[in-house]
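**Q** So that we are looking at the same thing, I have put the structure below in structure tokens.
The values are calculated or read from the model by the stated rules, or taken from the named source; none is laboratory data. Keep in mind that what you see is a predicted model, and the values were worked out from it rather than measured. Only protein heavy atoms, including side chains, enter the accessible area calculation; ligands, DNA and RNA are left aside. Shrake-Rupley method; radii C 1.70, N 1.55, O 1.52, S 1.80 Å.
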Amino acid sequence: MNQADLNLAVTLRHELHAHPELSRQETWTKARLMNFLQEHTKLELHDRGSWFYALYRGMGVGKIAFRADFDALPMEETCELPYRSQCPGVAHKCGHDGHSAALALLGLTLERTGAARDVYLIFQPAEEVGAGGEACAALLKEEHIGEVYAFHNMPGYPLHTLALRKGTMNCASKGVTYRFEGVSTHASTPELGRNPAQAVARIVGALPGLTRQEDHRGLVMATVVQIAVGEPAFGISAYRGALLLTLRAQYQEELDALSQQVTDLARQAAEEDGLTLTIEEQDVFPETANHPAGVERVEKAAQALGLPVVEMEEPMRGSEDFGWYLRQAEGAMFLLGDGEDHQPLHRTDFDFPDALLGTACALFQKLI
Ligand SMILES: [Zn+2]
Ligand SMILES: [Zn+2]
């Protein structure tokens with residue numbers, strides 16, 4: 001790895017870190033990444049609105065893509081860094097600043113060393129809310145790209161250790177809001193109104209039975225995120241209620257089945273209690289399923305670089321919208337260790353370790 005390129009990538013990472021932007025609002029970040037690649041490379045830049053890709057044209061020996069996300073989180077930063085967040089309440093606490101800087105470093109490296117294959121560098125917004133991946137993944141089909149990879153930094157594994165698995169790498173998940181509307185009445189005459197409390201309670205009570213591990217092939221979870229029924233007014237019987245659940249499963253078909261079961265239950269409860277029901281979904285992440293051949297290629301690349309490799313027994317519970325890409329092309333999502341004692345992701349004192357920039361870039365290079 002060229003030291004001047006590495007220095008540029010570290011400086012870029014710190015700039016991104018100091019200017020974090022929330023999902024769907026990453027205009028400065030996207031512009032900065034584009035400017036950086038324009039200034040330091042001759043890669044073709046393709047602006048797609050909320051996202052962009054950089055293309056290195058090789059000698060037509062097949063196509064390969066890499067993806068980096070670039071959104072930050074609605075959190076304070078509590079660590080003292082010279083490049084600390086300049087935006088109150090927003091901070092890079094998942095290391096997406098590092099993912100993007102590592103991919104930009106690959107751009108610098110391609111400029112210097114070249115490659116036989118066409119290499120697409122995809123810079124994606126809104127990963128944290130599952131809103132960016134699907135649109136960017138469509139590029140794979142559009143451009144007939146057969147292979148795609150990405151990495152996520154991961155505390156808990158030793159620094160520079162590769163961790164991954166065949167099949168499910170990240171669970172599928174989605175947020176579902178079940179909103180009930182009844183009829184208001186005085187708290188002394190609840191029989192004249194329609195109160196959603198019992199319907200919500202019946203659904204919550206049924207969740208452990210619907211998610212029994214012995215009835216499923218993989219992990220299945222339903223987490224109550226919020227129950228909001230009625231107002232803090234003792235004279236009024238509650239007549240509006242919302243139940244917010246995060247549904248999660250290792251296998252996509254088990255998530256879809258669980259979602260259908262809870263929906264059926266909610267419809268039944270609404271009908272029994274004379275309530276109207278509306279259902280909204282958000283933060284929808286597909287299962288991120290690694291292709292065995294993709295995993296083998298990443299492992300081989302890591303071994304060639306002398307990096308320790310861990311085959312994970314369990315998938316990550318947390319979701320990753322890279323699953324959209326792996327529906328379009330062969331490849332894998334892999335983890336690179338931040339260090340065993342590194343601060344966890346999504347904690348206010350987390351910071352991406354710069355030492356991983358060169359490692360991630362070297363792995364990408366080996367995969368080309
Ligand atoms: Zn995150
Ligand atoms: Zn992340």
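**Q** At 1.4 Å probe size, with every protein chain present, just tell me what the per residue accessible area of region 89-231 comes to in Å².
**A** 36
**Q** Any aspartates and glutamates with Cα under 15 Å of the LYS42 Cα? List them, leaving off those in the same chain fewer than 8 positions away.
**A** Cα-Cα hits under 15 Å: ASP5, GLU111, ASP118.
**Q** Sorted by accessible area with a 1.4 angstrom probe, largest first, how do ARG117, ARG48, ARG194 fall?
**A** So the residues, ranked largest to smallest area, are ARG194, ARG48, ARG117.
**Q** Helix 133-142 sits at what angle to the longest principal axis of the chain, using alpha carbons and giving 0 to 90 degrees rounded to 10?
**A** That works out to roughly 50 degrees.
**Q** Do the alpha carbons of any pairs in LYS174/LYS366; LYS166/LYS366; LYS93/LYS141; LYS63/LYS166 sit beyond 30 Å of each other, and which pairs?
**A** From the list (LYS174/LYS366; LYS166/LYS366; LYS93/LYS141; LYS63/LYS166), the Cα-Cα distance tops 30 Å for LYS174/LYS366; LYS93/LYS141.
**Q** Using alpha carbons only, how many degrees (0 to 90, rounded to 10) separate the axis of helix 292-304 from the longest principal axis of the chain?
**A** Tilt relative to the chain: about 40 degrees.
**Q** So if I take the centroid of the Cα atoms in region 265-334 and the same for region 224-239, what is the distance between those two points in Å?
**A** Cα centroid of region 265-334 versus Cα centroid of region 224-239: 35 Å apart.
**Q** Taking all protein chains in place and a 1.4 Å probe, what share, in percent, of the accessible surface of the chain do carbon and sulfur account for?
**A** 50
**Q** Okay, moving on. Tell me what the chain gives for mean residue ellipticity at 222 nm when only DSSP H runs of n ≥ 4 count, each as -39,500 (n - 2.57), the sum divided by the residue total, rounded to 500 deg cm²/dmol.
**A** -10500 deg cm²/dmol
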